[in-house]
Amino acid sequence: MKKAVILGSGLSIREGVTPLESIPYVDIPSWPVGSVKGHKGVLDKYEDLWVLRGRAHLYEGFTWEQACFPTKYLAENGIEELIITNAAGGINSDFEIGDLMQITGYLNFMKPDNSCKLSRLTQEVTKIKTEAIASDDLYSGVYVGVHGPNYETHAEIALFKEMGAHAVGMSTIPELETANEYGLKVKAVSVITNVYGKTLDLGHEGVVEAAKKASQKLVKLLDLE
Ligand code: HPA
C-alpha cells in the first residue's frame, strides 16, 4: 500500500536520509505553497513513503480548495494510505506538552458553510497501533479545526470543551475530508504543543520546539522509521 505522511509545524522524520526524489512544492502546478516557519515546502519521495514537509493554511490566505489540493494530488498519484499530523493546543487538561492524540472525530470551524460538523470518521479508519509506545502517551479525541491565525480566547476554549473537543488546531480537516472523499485509508495524529490553562502561550517558536521533541515518538508510533 503506497503511503504518505503530511508533517505539521516543527515535525520532522527521516531528517538527513536522502530521498529518491525531492520536489519543491513550487515546482508542482497548483500546489499551494505556504510560508509558515518550520515548514520546508518539499515533497520527499522515499521508496516506501512520500513525506510532505509542510502545508498551506487557510489563515495564510489559501482557499479551502487549495488546502485540499495536496491530498487530491496524492490520491490521484497512487497514494492509498495517508497519515496526517499537526501541532495542536490541548483543551483537555490531562494533556502535557508532547502528548499525542489520535483524531477520532472533529468539529469543523474552518469553513463558513460547514461549521460544527461532526465527522463520520469511524474508529476503524483511525485506529492506530498502540503497542509501539506507552499507552499513556497516546490519547484519542476530537479535534476542532479553526481558521486562525490567532490562538483561542479562554472563553472560546471553554466553549469548545463544552462541545466535546479535546484539541484545537488550524489544519488537517481539509486533508481528512479529501482523503475520505477519495477513499484513502487515513490516520490523523495531533502533537499537543501547548495546553490551555496549564502552559503559558508558547507562541509559534515554542510550538515548533515542542513538536520537534515529539517527532521521535510519532515516528515510533506510526512505524515511519
Ligand atoms: N490553537 C490553535 N492552533 C494551534 C494551537 C492552539 O493553541 N497550538 C498549536 N496549533
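The values are calculated or read from the model by the stated rules, or taken from the named source; none is laboratory data. Keep in mind that what you see is a predicted model, and the values were worked out from it rather than measured. Every residue, glycine among them, receives a Cβ derived from its backbone with ideal geometry; neighbour counts consider all protein chains shown. To get the accessible areas, we keep the full protein, side chains included, count just its heavy atoms, and leave off ligands, DNA and RNA. Shrake-Rupley method; radii C 1.70, N 1.55, O 1.52, S 1.80 Å.
Could you grab me the full set of residues in the range 164-190 that are of a type outside the set (Lys, Arg), more than 15 Å from the ligand (Cβ to nearest atom) and outside any helix (DSSP H, G or I)?
GLY164, TYR182, GLY183, LEU184, VAL186
Anything in the range 35-61 that is farther than 18 Å from ASP223 by Cβ and open to solvent by less than 30 Å² (accessible area, probe 1.4 Å)? List them, or say none.
VAL36, GLY41, VAL42, LEU43, ARG53, GLY54, ARG55, ALA56, HIS57, LEU58
Looking only at the range 149-163, count how many residues are free of Cβ contacts under 8 Å to residues at least 40 places away in the same chain and either within 9 Å of the ligand (Cβ to nearest atom) or not β-branched (Val, Ile, Thr) (or both).
Total satisfying the criteria: 6.
ILE13 - would you say it is within 18 Å of ILE83 (Cα to Cα), in contact (Cβ under 8 Å) with a residue 40 or more places away in the chain and either under 21 Å from the mean Cα position of the chain (by Cα) or surrounded by 14 or more Cβ atoms within 10 Å (Cβ to Cβ) (or both)?
The answer is yes for ILE13.
Among the residues of the range 133-148, which ones are outside any strand (DSSP E or B) and within 16 Å of the ligand (Cβ to nearest atom)?
Scanning the range 133-148 gives HIS147, GLY148.
Take the residues of the range 191-225 that are of a type in the set (Lys, Arg) and within 16 Å of the ligand (Cβ to nearest atom): which is farthest from the chain's Cα centre (by Cα)?
LYS198
For every residue, the table says whether it meets (1) open to solvent by less than 10 Å² (accessible area, probe 1.4 Å); (2) more than 14 Å from GLY90 (Cβ to Cβ).
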site: ILE173; (1), (2): yes, yes
site: LEU176; (1), (2): yes, yes
site: GLU181; (1), (2): no, yes
site: LYS187; (1), (2): no, yes
site: THR193; (1), (2): yes, no
site: GLY203; (1), (2): no, yes
site: GLU209; (1), (2): no, yes
site: GLN216; (1), (2): no, yes
site: LYS220; (1), (2): no, yes
